[in-house]
Amino acid sequence: MKNNLQSIIGNLEKGDKLELGNNEKFSNEILLNQSLQCSVLGGINFVNLTFKNIDFTGSFFSKTIFENCRFSNVILRKSEFWSCTFLECQMTGSNLTRAEFNSSTFKNCEFLNSNLRASDFMDFEFRETIFKNSNLDLILIEDVKVWKPNEWIEIKDESDFEKILKDMNLISTDEMENS
Amino acid sequence: MKLLLKKLKTYFRKHKANKIKSSGKIIVSAGLALSLRFGEPRLTSSRLSSLNYESQVVTERVILNQKQESNSCDDSHNSGKVIQTGNGIILESQQEVSDTSSNDMDEIILAQGDGILPGADGFPLNNNPRRRHPFGRPRMRGTGINVDPPQNIQGLGNIPKAPKVRSFREMYTDLNARRSNRGDQCPAPEFDMKKEYGNFIQKISKKGYEFECSQERFNELSTNPQTGSFDEKSLMEAKGGLQGEAQGMYTNIRRPSNKAVDLDFEIDSSEGYTHVDYKTPIDFQDLADKKGIDVSNFPSLETVAYNMGKKITPQKEQFCGLPDGPKSPENVLHVVNLDLIRDSNQKQNMIDSVLKGAEDKGDNTVGIYFLNYL
């Protein structure tokens, strides 16, 4: 029987946390209006999922792949990501403040009106990922690479990061577009 | 295409009068029709405006007067219905909530600040150049290992004085107020705070600490300052924070007065600390034993702890110089709460790894305390 994330969440009792770690795959689901704070997810593959109004505050994601997922008004504040891959994902109006990313990758992702303030990227790869009207203030960077067509550029510090992304037109705001 | 637009205009004209005026406004986006017709993923507002339809139009959103799927855990916004078309387009229908009849205050919670969730509801975009260190980059002090030994030992330290009582403002938490407090529509988790408080007091006295803390203060500390409501994470921080106070690490722990200073708490300390940030690592082996999850899908606790230590050094600088923020990194205390780690050998390994990470990163292990490390 195919596992369904919606039903797993539905079966959680009050006070239970979402804790999954057995190489499961969830696809083509829409997850709406859930409080899933402090979830622990490892070895999960999410394909074509829509997360809308989901609160994942303080969650832990490990070896998790998000492929072609849409996040709308999702709270990932103070969440940790270890060896995670975001592929062709779109995050809109989402809160990633103080999220920590370790040994992970964003590839062909789009951040729209999202808040990444004070988030932390360590051993991280950005590949063709754009940030529009998104807050990257106070982020911390260590061992981060950005893919510039045909080569990886190593980012030395936070100010370099923003500059390089702006030079590559990967960061934009409405004001920038209007001017 | 033209024919379709014409049909739409006619449809809107016919239905405008009797549907828009009702409390559950029915507004049909041209986006739905066009997307369904042509399978086009997006429709920009400029294209929509060409329909010359004067009513409110929400791009890619259809607002219908219908109930949402039963999977929602929050009836207060139980109105969105999402349709996924064959080519993966997500179309959403949602009843506009215009019922403000229940303006009565159904409960009061204590909160500080405006309680607006940054990011979830359109945070003010910082268009200014980076002001990471507006008053100049702070310098890290000291080299070598220095772990402030007395404070690292449970049971030492004086019982702190009764905490100062902070002033609060009442915050209405009826349907609409709660929604605005939380940004858009993320459901707020529910907690029995009386029970949480009782359990905490019981646990802390079992550990041998005499500690006075009112339910009111417990609630305040358990309130996420960014959202104005209780949540799992802020509750965990509050329990650790209060235990730290009970152990005499600092006094007068309270949530930051300036939300922009996104550290967990403000404190008073004879050691010069003004802010504290809590780290509470998870025990994956415990999860494996209890829930049967495959622990190989998770990093080792030593790796987690080592990276944690590496990050602590720059994190001490992160909010320095902001109004009501720490003046320098030396004013920021990091407490690693090992309460969730079962095995005492594992706890020791984690302590070593945290300190190693901090040392490798900044030659500095000052301002790192450990809680529940035995």
Checklist entry - Out of segment A:68-91, which residues are more than 7 Å from chain B (Cβ to nearest Cβ) and part of a strand (DSSP E or B)? => result A:Phe71, A:Ser72, A:Glu80, A:Phe81, A:Thr85, A:Phe86, A:Leu87, A:Gln90, A:Met91
Item to check | Scope segment A:58-113; condition more than 21 Å from A:Trp147 (Cα to Cα), in contact with a Cys (Cβ under 8 Å, 6 or more places away or on another chain) and of a type in the set (S, T, N, Q); matching residues | outcome: A:Ser59, A:Ser62, A:Thr64, A:Asn73
Checklist entry - Taking segment B:316-329, which residues are surrounded by fewer than 22 Cβ atoms within 10 Å (Cβ to Cβ) and either under 12 Å from B:Lys361 (Cα atoms) or charged (D, E, K, R) (or both)? => result B:Glu317, B:Asp324, B:Lys327
Item to check | Hits in segment A:25-46 - residues which are assigned to a loop (DSSP other than H, G, I, E, B) and either within 18 Å of B:Lys290 (Cα to Cα) or in contact (Cβ under 8 Å) with a residue 60 or more places away in the chain (or both) | outcome: A:Cys38, A:Ser39, A:Gly43
Item to check | Test for A:Glu24: is it more than 8 Å from chain B (Cβ to nearest Cβ), over 17 Å from A:Val74 (Cβ atoms) and more than 15 Å from the chain's Cα centre (by Cα) | outcome: yes
Next on the checklist: Condition first: in contact with a strand residue (DSSP E or B) (Cβ under 9 Å, 6 or more places away or on another chain) and either basic (Lys, Arg) or surrounded by 14 or more Cβ atoms within 10 Å (Cβ to Cβ) (or both). Now tell me which residues in segment A:158-179 satisfy that.
Outcome noted: A:Glu158, A:Asp160, A:Phe161, A:Glu162, A:Ile164, A:Leu165, A:Lys166, A:Met168, A:Leu170, A:Ile171, A:Ser172, A:Thr173
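Here's the yes/no breakdown for (1) facing chain B (nearest Cβ under 10 Å); (2) in a loop (DSSP other than H, G, I, E, B); (3) touching a residue at least 24 places away in the same chain (Cβ under 8 Å); (4) not aromatic (Phe, Trp, Tyr):
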{"residue": "A:Ile9", "(1), (2), (3), (4)": "yes, no, yes, yes"}
{"residue": "A:Glu13", "(1), (2), (3), (4)": "no, yes, no, yes"}
{"residue": "A:Lys17", "(1), (2), (3), (4)": "yes, yes, no, yes"}
{"residue": "A:Asn48", "(1), (2), (3), (4)": "yes, no, no, yes"}
{"residue": "A:Ile54", "(1), (2), (3), (4)": "yes, no, no, yes"}
{"residue": "A:Phe66", "(1), (2), (3), (4)": "no, no, no, no"}
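Please indicate, with yes or no, whether at least one residue in segment A:92-100 is more than 30 Å from B:Tyr306 (Cα to Cα), crowded, with 19+ Cβ neighbours inside 10 Å and within 11 Å of chain B (Cβ to nearest Cβ). Walk me through it before giving the result.
Initially, segment A:92-100 is screened for residues more than 30 Å from B:Tyr306 (Cα to Cα), giving A:92-93.
Next cut, crowded, with 19+ Cβ neighbours inside 10 Å only: A:93.
Those still in the list that are within 11 Å of chain B (Cβ to nearest Cβ) too: A:93.
Yes: segment A:92-100 contains one or more residues that are more than 30 Å from B:Tyr306 (Cα to Cα), crowded, with 19+ Cβ neighbours inside 10 Å and within 11 Å of chain B (Cβ to nearest Cβ).
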Checklist entry - Mind checking whether some residue in segment A:14-24 is over 19 Å from A:Trp82 (Cβ atoms), surrounded by 13 or more Cβ atoms within 10 Å (Cβ to Cβ) and out of contact with any strand residue (DSSP E or B) (no Cβ under 9 Å at 6 or more places or on another chain)? => result no
Next on the checklist: Considering only segment A:167-178, I want to know if a residue exists there that is within 21 Å of B:Lys310 (Cα to Cα) and within 12 Å of chain B (Cβ to nearest Cβ).
Outcome noted: no
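All of the numbers you see were taken from the coordinates with simple rules; none came from a lab. Quick caveat: nothing in here was measured; it's all calculated off a predicted structure. Note: ideal-geometry Cβ built from the backbone for every residue, glycine included; neighbour counts use all protein chains shown.
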